[in-house]
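The values are calculated or read from the model by the stated rules, or taken from the named source; none is laboratory data. Model, not experiment: these values are computed from the prediction. Please note: Cβ atoms are built from the backbone with ideal geometry, for glycine as well, and neighbour counts cover all protein chains shown. Surface areas here come from the heavy atoms of the whole protein model, side chains and all, with no ligands, DNA or RNA. Shrake-Rupley method; radii C 1.70, N 1.55, O 1.52, S 1.80 Å.
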Amino acid sequence: MFESLSDRLGEVFDRLKRRGALKEGDVAAAMREVRIALLEADVALDVVKGFIDKVTERAIGEEVTRSVTPGQQVIKIVHDNLIEMLGSDSAWIELNAVPPVPILMVGLQGGGKTTSTAKIAARLTNRDKKKVLMASLDVTRPAAREQLRVLGEQTGVATLPMAQGETALSIAKRAMAAGRLQGYDVVMLDTAGRVSIDQGLMDEVRQIRDAVNPAETLLVADAMTGQDAVTTARNFHDRIGLTGIVLTRMDGDARGGAALSMRAVTGVPIKAVGTGEKIDALEDFHPERVAGRILGMGDVVGLVEKAAETIEIEEAERLAAKMQKGQFDLDDMLSQLQQVAKMGGLGGLMGMLPGIGKLKKQMDGAGVDDKSIKRQAAIIQSMTKKERKNPKLLNASRKRRVAGGSGTTPQEINRLLKQHMEMGRMMKQMGKMGGMKGLGALLGGGMPPPREMPGGPGQNAQLPLPGSGGGFPGLPGLGRPGGFPRFPTKR
Amino acid sequence: MSAEQQEPERRGWFQRLKSGLSRTSDKLAGGITALFTKRKLDTKTLQQLEDLLIASDLGVATAAKLTANLAHEKFDKEVTDEEVREAFAADIARILEPVARTLKIDGANRPHVVLVCGVNGSGKTTTIGKLAQQWKAEGKTVWLAAGDTFRAAAIEQLQVWGERAGVPVIARPQGSDPAALAFDSLSQAREAGADVLVIDTAGRLQNRAELMDELAKIVRVIKKQVPDAPHDCLLVLDGTVGQNAHNQVKVFRKMVNVSGLIVTKLDGSARGGVVVALAEDFALPVHAVGVGEQPDDLRPFEARAFARGLMGLE
């Protein structure tokens with residue numbers, strides 16, 4: 001099963017040299033992987049094809065900058081184009097019309113129309129200070145109108161009183177009349193779910209549209225939708241004319257390729273995303289996040305950019321050389337600690353990695369945090385140059401001095417020395433195993449699921465962080481030499 | 001209301017599914033026709049065929065496998081589009097045959113407990129309503145438990161279905177503990193000597209650990225009363241779902257030992273092709289498919305009809 005585009009591209013580009021412009025053959029090989037990644041993410045086939053053509057054209061001849069590998073460069077190009085296609089402009093409900101402004105909500109059954117209606121209404125009420133009336137036109141699904149009424153009560157948004165035996169169209173007209181008479185700013189019309197190929201039901205919603213002339217017609221669609229997203233979106237857009245899309249269930253673990261498909265075929269912006277069951281779980285659409293998600297790699301691009309910005313390549317290369325020889329001293333450890341701190345600390349780093357949320361919590365629980373990195377740095381900084389080069393010098397009396405200087409205890413110093421020793425040993429091993437590959441196997445290859453993590457709270461949890469081999473193909477400097485030191489636990 | 005409901009004549013299940021699927025498989029079948037009149041099956045054509053299968057949500061792996069099978073038999077030979085469609089349909093039917101099993105209510109269990117779960121909006125409550133009507137019509141005594149105590153008006157929705165079917169619905173106010181409700185429903189249904197108890201649950205996304213734990217708790221609590229219950233645990237899948245279906249099945253199966261699938265909304269433009277990949281990966285029975293909003297629109301899953309429908313064949 002598909003894991004991560006960066007892994008795959010890493011393989012494709014392993015045989016390439018690091019420098020030079022992207023050649024046609026390289027790009028074609030990379031695009032095969034990109035294509036599969038997009039299809040696995042449920043981006044519609046037609047959209048994938050168009051996208052690949054465009055990106056291929058742009059990527060060929062692109063200069064690979066010194067700080068990244070060709071694989072990263074391609075990911076960057078793909079990512080940037082995805083964002084462009086998803087629409088970088090964030091849009092919200094357009095209320096430039098004579099009040100009451102009608103908003104029509106349409107979509108398939110079970111897409112989340114009613115919940116989204118209530119969420120948007122609550123936001124218009126609370127944030128935009130509008131007076132909103134909600135009306136359910138769903139006379140098909142049992143208790144659908146009741147559902148909207150209850151949600152209205154929960155959010156303090158008015159709902160149109162129900163009447164028996166009305167058609168959707170007459171409810172819509174009654175809602176608009178009530179909106180005018182009672183001075184509402186916005187009237188939200190929640191329609192019944194319908195399949196886009198049912199002529200009768202599509203005609204019905206068209207009649208409603210003609211009767212109320214909505215300022216916004218929003219298609220509510222499930223982020224888990226497969227290849228059908230493109231058909232549904234196209235049908236709704238052709239028959240009714242959409243002005244925006246609301247993407248629901250973005251809190252799930254679907255890769256969300258439907259977003260790209262629907263945006264591509266309709267050209268209308270994604271105006272909001274639903275991210276949970278609570279009424280306030282409605283967010284603006286962030287193309288860059290969705291792009292990362294579609295590619296299955298979290299915000300790796302952000303990480304790459306940040307790494308390139310903050311890590312001095314020369315320093316990293318010097319470290320790498322030393323490690324190969326097994327001469328990893330405390331100064332080198334300090335330098336690594338400082339680089340992690342520079343990249344926004346562990347929190348910032350982990351936040352950018354895919355699928356790390358849980359691990360991050362676990363680390364917080366185990367007391368692995370940025371503070372302990374600072375303390376470790378302080379310990380090393382309290383040592384003499386000689387001690388840093390040769391930790392064996394540190395006898396009991398020297399340790400007491402260092403502890404005093406760094407505001408720690410000799411026990412903490414012992415722990416740090418032990419870690420340093422372990423790191424040194426590991427790096428020697430890696431040198432034998434052939435550098436990067438070995439490192440990948442040791443560190444990056446297998447990020448264990450949190451449950452299998454060695455060491456619970458209070459123990460010396462050893463967290464293998466993604467090194468170069470697995471997570472990122474040769475992230476400049478960062479991964480190459482030795483990944484991260486094993487972080488200590490807070491006591 | 002809708003034109004569909006005014007139409008008195010009920011079409012057979014195959015026609016309904018086929019009209020649903022064929023409208024939807026127009027593109028797939030039409031695509032295949034466009035590729036061939038009669039031509040040699042070469043690498044480029046195979047790639048295009050694979051693409052068309054992917055466009056039906058079969059997934060990259062399954063599509064590749066099916067095309068490889070075709071290539072194995074027919075590569076470099078002159079083929080017609082009809083032959084290609086027949087070949088795919090036969091292959092798909094072969095994959096689906098073992099999982100096409102109807103849901104059997106065991107009369108020895110009183111009641112036979114059916115737990116229904118799935119992600120939000122997949123059609124759990126509607127499916128339960130249809131099942132209740134069908135079982136009731138077969139002369140079984142059916143009880144329903146309104147276990148979706150979270151979503152607004154979910155209880156009322158099930159109650160309406162209960163009224164329609166003429167079966168009792170056990171409910172508690174919104175926000176009650178669903179496990180406690182399931183436990184009480186089971187004791188009531190046992191006392192009444194019901195044949196079937198169907199327990200509805202709130203929709204939950206499979207990556208929400210705490211909600212999945214809540215579901216596991218419902219099963220645990222039921223087992224305290226009847227150790228081998230629930231006798232069936234159904235996962236309801238939305239027919240429009242894409243590759244995320246794999247995650248859904250994987251996680252729900254792990255948490256509550258899903259015994260079978262029901263695929264809904266196949267009357268739309270979705271193809272439900274992911275079912276083929278699921279059959280390969282999990283081999284879970286597919287008990288029924290939903291092809292409309294009427295009670296009898298929940299139909300047994302038939303492998304051959306589904307496969308042929310997917311390929312736009314009679």
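Values computed for the structure shown
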item: Where the range B:54-173 is the region considered: accessible area per residue in Å², 1.4 Å probe; result: 39
item: Long-range amide H partners of A:Leu133 with built H, under 5 Å; result: A:Val186, A:Val187, A:Met188
item: Positions from the range B:138-161 whose accessible area shrinks by 10 Å² or more when the full protein complex is built, not the chain alone, probe 1.4 Å; result: B:Phe150, B:Arg151, B:Ala152, B:Ala153, B:Glu156, B:Gln157, B:Val160, B:Trp161
item: Interchain or long-range residues, amide H under 5 Å from A:Val220's placed H; result: A:Val106, A:Gly107, A:Val246
item: Surface accessible to a 1.4 Å probe, A:Ile197 within the full protein complex, Å²; result: 40
item: Protein accessible area in the range A:101-294, 1.4 Å probe - carbon and sulfur %; result: 48
item: Segments B:115-124, A:271-280 sorted - mean Cβ within 10 Å per residue, highest first; result: B:115-124, A:271-280
item: Percent accessible area from carbon and sulfur atoms, the range A:20-99, protein chains only, probe 1.4 Å; result: 50
item: Protein accessible area in the range B:213-294, 1.4 Å probe - carbon and sulfur %; result: 49
item: Between the range A:98-146 and the range A:151-197, the Cα center-to-center distance that results, in Å; result: 8
item: Other protein chain Cβ atoms within 10 Å, averaged over every residue that makes up A:255-261; result: 2
item: Contact surface B-A: accessible area buried, both sides summed, square angstrom, 1.4 angstrom probe; result: 3800
item: Within 10 Å of each Cβ in A:126-132, the average number of Cβ atoms from other chains; result: 0
item: Alpha-carbon centroids, the range B:83-160 and the range B:263-314: separation in whole Å; result: 13
item: ³J(HN,Hα) computed for each position of the range A:49-60 - Karplus, 6.51 cos²θ - 1.76 cosθ + 1.60, integer Hz, glycine/proline x; result: 4, x, 5, 4, 4, 5, 5, 4, 4, 6, 7, 5
item: B:Ala209-B:Glu82 pseudo-label distance in nm [points 7 Å out on the Cα-to-Cβ vector]; result: 5.8
item: Neighbouring partner chain Cβ atoms per residue of A:218-226, average, 10 Å criterion; result: 6
item: Across B:Lys104/B:Lys124; A:Lys119/A:Lys173; A:Lys131/B:Lys124; A:Lys113/B:Lys223; B:Lys104/B:Lys130; B:Lys104/B:Lys250, pairs whose alpha-carbon gap is larger than 27 Å; result: A:Lys131/B:Lys124; A:Lys113/B:Lys223
item: Protection proxy ranking of A:409-415, B:216-222 - average other beta-carbon atoms within 10 Å, highest first; result: B:216-222, A:409-415
item: Per-residue HN-Hα couplings for the range A:181-194 [Karplus 6.51, -1.76, 1.60; θ = phi - 60°; Hz; x = Gly/Pro]; result: 5, 9, x, 7, 7, 9, 10, 9, 10, 9, 8, 5, x, 8
item: Karplus-derived 3J(HN,Hα), 6.51/-1.76/1.60, for each residue of the range A:206-215, Hz, glycine and proline x; result: 5, 4, 4, 4, 5, 6, 9, 6, x, 6
item: Mean separation of Cα contacts under 8 Å, 6 or more apart, over the residue count of chain B: relative contact order %; result: 28
item: The range A:101-294: relative contact order in percent, alpha carbon pairs under 8 Å with at least 6 residues between; result: 25
item: Long-range amide H partners of B:Gly260 with built H, under 5 Å; result: B:Cys233, B:Leu235
